[in-house]
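Written below as structure tokens is the structure these notes are about.
The values are calculated or read from the model by the stated rules, or taken from the named source; none is laboratory data. What you see is a predicted model, and the numbers here were worked out from it, not measured in a lab. Here Cβ is always computed from backbone atoms with ideal geometry, including for glycine, and neighbour counts include all displayed protein chains.
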Amino acid sequence: MEISLPTFDFLVVAPEIVVLITALLVMVVDMVIGREQKGRLAWVALVGVLAAGALSYYLWDGSDPALHDMLAADGYALFLNLAILVAAALAILFSLEYTGRVGLAQGEYYTLLLLSTAGMMLMAAAINLMTIFLALEILSISLYVLVGLNRAERRSAEAALKYFVLGAFASGFLLYGMALIYGQAGTTSLAGIRAAVQAGGEPSALLLVGLGLMIAGFGFKVALVPFQMWTPDVYQGAPTSVTAFMSVGAKVAGFAALGRVALYAFGDLQGDWRWVLAVLSALTMTVGNLAALRQANLKRMLAYSSIAHAGYALAGLAAGNAQGTSGLLFYLFAYAFMNAGAFAIIIAAGRFEGATGGGETLDDFAGLAARKPGLAVAMALFMLSLAGVPPLAGFLAKLYVFGAAVRGGLIWLAVFGVVNSVISAYYYLRVVVSMYMREGRPAAVPAPVCAGLQVGVALAAVAIVLLGLWPGPIVDLARVAALALLGG
Amino acid sequence: MLLDYVWLIPLFPLAGVLINAFLGRWLPRRLVAAIASLAIVASFAMAAVLFFQMLGLPAEAEGGGAGRQRIVPIFSWIVSGDFVVEANILLDPLSIVMALVVTGVSALIHIYSAGYMAGEEYHNRYFTWLNLFVFMMLILVLGDSFLTMYVGWEGVGLCSYLLIGYWFERESAANAAKKAFLVNRVGDFGLALGIMLIFATFGSVAFGQVLPAAASIPAGTATAIALLLFLGAAGKSAQIPLHVWLPDAMEGPTPVSALIHAATMVTAGVYMVARTHALFEVSLSALNWVMWIGALTAFLAATVALVQKDIKRVLAYSTISQLGYMFLALGAGAYAAAIFHLATHAFFKGLLFLGAGSVMHALSGELDIFKMGELRKKLPWTFRTFLIGVLALSGVPFFSGFFSKEAILSGAFEGGAIVPWLLGLVTAGLTAFYAFRVLFVAFYGKSRLDKKVERHVHESPWVMIVPMALLAVLAFAGGYIGLPRVLGIGSAVEEFLAPVFADSTLVHTAGEATLEWLLIGLSVVAVAAGILAAWWIYVRNWGLAGRLTQSARRLYDLAFAGYHADRAYMEAIVQPLRMLGEGLAGAVEQRSIDRAVNGVGELVGLAGEGLRRLQTGLVRNYALAMFLGVVAILAYFVLRGVLSW
Amino acid sequence: MPADYLPILFFAVVAVVLSAIAVLMPALFGPKRPTSVKLAPYESGKLPIGPARRRFSIQYYLYAVLFILFDVEIVFLFPWAVVFRDLAPRWLGLAEAAVFVLILLLGLAYVWKKGGLEWE
């Protein structure tokens, strides 16, 4: 008997492989270099991420499924790769000085960051329940450790434990859902599941229950209500640079897989799942925004805000049409810049407080405009963009998803979204008001802001302005990516 | 073609913004003011040139020509499949009139600000924001799609917010800014929904594609769209019940009140309704809403203005009332009259605010008119210009306000809206009363000034007087572009704007000459009665006012408090929302954490394993929530399956 | 179709029954000769009673985890070795396993270098 091995199409997964090799490289380099040289690891990681980004873009025109229908490098995966790599690159830039200040083990930090990035990218490319689950675990386990990496901080360890326990719980749901689906469809390939869904006239109960469980599993990753309760504790407890990364990357990855499963594998059962997603979306944005209203700690506020944004983005998915899908993709891309950027300012503000844990409250931001005008302008841009003020990226992103919801017949959801945006303006603007209109105390530690962080913040700020004024190219990419998924 | 260079109009203010934002800190203060003012003057000059160019074109589109309408492409903002938004400029009589008014009044107020704000600390920031405001306002009136208009709409809102809160050290200013922003967001929310609905209905957001197709959509949809748009207009233009932010907005510097909260931004709603009148006309009920809200606002705000003591609050309520007039005109289909009044109001109300600013400048910030008196002699130039403003506002014949108010009232009457017309007529009398009340109390009689203040009274510098004088000229002469039809000469502004409103289906037959004269006579009588009453109470029988107030205490208090609109909002909306927010934060935050913390205390006492218990306790709660979520989702799927069978 | 839901009911029943059996069987049939040591729950050789916040050596768990890791490696390599002759092309099979082992070796080197194999 002869067993023919799958042809290993390296090119299809080249970006993921590059990131993985870089992760191993960082680990090896970390072993051989001296303590005072650890700062250079960041640059190794950054080069790897940028190379992966370039490869993703180079691969753009798409290719066939690779590795026995396990992974695909279609437009959908590649577009999301870009968003994930943006988050990773920004996170690395934001970590340059922060890791040293907080005392994180840099070798492990960057290795795990890259591994987690690879997991996210694999999740976007996965077209099989097996690979989806493996990718999810790669990204999750790395994140669990990253969240708890700040061993000097008790909150960090607490956050890691909570995240881990609940994450395992959610993985259980996900896995059970997959098992049920496999039981009915007889295959773990999404294409096979799609065929099984199309074959049966009546939707099979096993498939639907399986889908429901999977929605819960992904809902945990992207923080949908009621699977969101870990978010504030974890985001607040984790090292801020990790929060910046995971608040974007994990959400992108979760939406990537949820989108593939719902829109592609279960595309024909849209009538069954869209109401679940629509209600979850409305709930998520409302709970996130209302809870964010009274937060004085910015990390916690942004955690609730990120819950609300998961709700907005989900509206695009619930719309169930091509416009909604491309809207979701554009949303995630824009969100990567504005949310990571906002956390970066918190990292920078912490620098002036000397000890760790400072620079997180609204009071710490009072009068920032006078002390650090550049940072204040950037933060104002991020806040306004998150609030959805035109002509910034966040406005267009909301316009796309809500517009898609209206088109998809979910007018009430769009109304919910707009009302929620109005509410959210309050707490975003509070930050702006605090920076510009309140007297602040002078910085405890008058220190310059790290150059790498400045570059990252500037890039993110420019990106959200550009995306708002000239979104054409990215919107076109998102459309191609959506069509790659929906076929058409 | 010179008209293709219309983009220069907004470009100048934008250049001013960039220069002052990035270099302002290192430039001398006078240079900052000069750059900002010059940018607007240049922009005005450009608008004026284009205006005269346009006059040279045929009014009607004929022989393939576009007439006086022109779409100047700037760049493609969003191109995404079937969703295309071009950031183009729409140049037509309506937008050029708006551009002229905006840049003209802005230019004068910028120059005035150079004097008024000379001593302020954040000088460059003020001028940056002021320039940014003009830029955004120009985007609003020049954009050729709902989305570009929306960008400008939000932009002016943001600038207004920043400028109201300019003296943010004062808590009242910071609060007023927040209030203005929030109330405006309510309106913006309507506008945003309206635009979405427009896109869903027409598949486009460009004026050129939506408005001509308006007649073909069902009346129900049109009503929904029009009312949503009007919600936006009511927010921005401070119409009942969204008017509450404007009186508080007076916390901003007075030139800001003059420019943003009297002359330009607050008229954006009027502009929008005029621009989209095609949508409103499909649904007569929407037009009726506009008219009635306008008439009621005009009347109620005027009654509140009667009793205010703060000079800027009188003017603020007066602005609300005058904007009500404009909406009354729009609702009656007298679009040109509304735009005409918008222009004259910009002149005279801008002037009155600048006058009030000049008074404050002289009196070390005093605002209470009952602590003024006899300013006529101390501030001669301020008095003269203020007098012209009052005459124009009151609608005294031969002043600009007279002509534009006449156009509105006769338009309403001929449109068959008798009750709104009557409200407008009464309001005209009230307007004359409160305008002259301010004049008599502040500028006549005996001085009631603080001794300390009195020593420092001084007339404002020329850099403030000259813009006031120029505005005074406009406030007098601006009316002659729109003479009443009955004179037989024809209204220039109406003829100029005619192509924009040519598609209107509301036909106004000019009334008979006798009727027209009768209408004019009636409003002159109302105005004269108002002035006489003010003179009787505040000049002839000083002290009568106090007795009158006593005898109608309750009514007075009611009006003085603006019919308690603020309190109503506070109790009906703000408090419940706050409670909800606190409740939710409580449920999620305090209760779980508090309980956990309290629980720690007990547990430590019991088992000494507090921290561990705390963690597992919370995680268990979280897990429970997740589990319930899963159950709910599965229940939905299962029930759905069972029910469908 | 309600019949569609029968498998779910079946799963649920099986799950409940199996776990019930697992709990009840020993209780019913197991011999009971309790001593104090036997009654104590087994906790990897640690004393199960006492304050939970007591410090304990992480080393033990590190070894356990490493052992499982390399144990699983064998689980993967064993079937590969069995069918190695049938793989086509054979060099690719060798290369892939080599990459797998290489990554694991890197991990081992990392643990070694970081002192994970030292006992105190």
Identify, please: which residue in the range A:170-183 is surrounded by fewer than 21 Cβ atoms within 10 Å (Cβ to Cβ) and within 14 Å of chain B (Cβ to nearest Cβ) and is, among those, nearest to residue A:70 (Cα to Cα)?
A:175
From A:344, A:369, A:318, grab the single residue that is farther than 30 Å from residue B:25 by Cα, part of a helix (DSSP H, G or I) and small (Gly, Ala, Ser).
A:318
Which members of the range C:81-111 meet the condition of being over 28 Å from residue A:31 (Cβ atoms) and touching a strand residue (DSSP E or B) at 6+ places or on another chain (Cβ under 9 Å)?
C:83, C:86, C:87, C:88, C:89, C:93
Take residue A:474 and decide whether it is more than 30 Å from residue A:194 (Cβ to Cβ), within 24 Å of the chain's Cα centre (by Cα) and either within 11 Å of chain B (Cβ to nearest Cβ) or crowded, with 22+ Cβ neighbours inside 10 Å (or both).
no
Going through the range A:461-475 in order, the residues found to be over 14 Å from residue A:332 (Cα atoms) and either β-branched (Val, Ile, Thr) or modelled with pLDDT of 90 or more (or both) are A:461, A:462, A:465, A:466
Among the residues of the range A:384-405, are any under 26 Å from residue A:423 (Cβ atoms) and of a type in the set (Lys, Arg)?
yes
Kindly check whether there is at least one residue in the range A:422-444 that is closer than 20 Å to residue A:328 by Cβ, modelled with pLDDT of 85 or more and either in contact with a strand residue (DSSP E or B) (Cβ under 9 Å, 6 or more places away or on another chain) or part of a helix (DSSP H, G or I) (or both).
yes
In the range B:627-637, residue farthest from residue A:218 (Cα to Cα) [restricted to those that are more than 7 Å from chain A (Cβ to nearest Cβ) and of a type in the set (A, V, I, L, M)]
B:635
Could you identify the single residue in A:211, A:161 that is under 22 Å from the mean Cα position of the chain (by Cα), within 14 Å of chain C (Cβ to nearest Cβ) and either of a type in the set (Gly, Ala, Ser) or within 30 Å of residue A:98 (Cα to Cα) (or both)?
A:161
Residue in the range B:393-412 that is surrounded by 22 or more Cβ atoms within 10 Å (Cβ to Cβ), touching a Pro at 6+ places or on another chain (Cβ under 6 Å) and over 30 Å from residue B:212 (Cα atoms) present:
yes
The range A:364-406: number of residues that are among the aromatic types (Phe, Trp, Tyr) and over 23 Å from residue A:295 (Cα atoms)
3
Of the conditions (1) more than 23 Å from residue A:81 (Cα to Cα); (2) modelled with pLDDT of 90 or more; (3) among the basic types (Lys, Arg), residue A:351 clears all except one; give me its number.
(2)
Kindly provide the set of residues from the range B:463-482 that are surrounded by fewer than 18 Cβ atoms within 10 Å (Cβ to Cβ) and either free of Cβ contacts under 8 Å to residues at least 24 places away in the same chain or farther than 22 Å from residue B:118 by Cβ (or both), ordered by number.
B:473, B:477, B:480
Can you tell me which residue among A:259, A:219, A:249, A:192 is surrounded by fewer than 21 Cβ atoms within 10 Å (Cβ to Cβ) and in a helix (DSSP H, G or I)?
A:192
Among residues of the range B:160-193, those that are in a loop (DSSP other than H, G, I, E, B) and within 9 Å of chain A (Cβ to nearest Cβ), counted:
2
Go through (1) surrounded by 24 or more Cβ atoms within 10 Å (Cβ to Cβ); (2) over 14 Å from residue A:432 (Cβ atoms); (3) touching a residue at least 24 places away in the same chain (Cβ under 8 Å) for residue A:359 and report which single condition fails.
(3)
What about residue C:11, is it at pLDDT 85 or above, among the aromatic types (Phe, Trp, Tyr) and on the phi < 0 side of the Ramachandran plot?
no
Would you confirm whether or not the range A:300-309 contains a residue that is surrounded by fewer than 24 Cβ atoms within 10 Å (Cβ to Cβ) and in a helix (DSSP H, G or I)?
yes
Just name the residue that is farthest from the other protein chains (Cβ to nearest Cβ) out of those in the range C:72-120 that are β-branched (Val, Ile, Thr) and under 26 Å from residue C:62 (Cβ atoms).
C:74
Check whether at least one residue in the range A:225-243 is in contact with a Lys or Arg (Cβ under 8 Å, 6 or more places away or on another chain), part of a helix (DSSP H, G or I), among the aromatic types (Phe, Trp, Tyr) and within 26 Å of residue A:92 (Cα to Cα), and report yes or no.
yes
Considering each residue of the range B:194-205, count those that are more than 9 Å from residue B:231 (Cβ to Cβ) and more than 8 Å from chain A (Cβ to nearest Cβ), and give that number.
7
Kindly list, by first and then second residue, each pair from a residue in the range B:530-547 that is closer than 17 Å to residue B:448 by Cα to a residue that is of a type in the set (Phe, Trp, Tyr) and surrounded by fewer than 16 Cβ atoms within 10 Å (Cβ to Cβ), limited to pairs with Cβ atoms under 6 Å and residues at least 6 apart or on different chains.
none
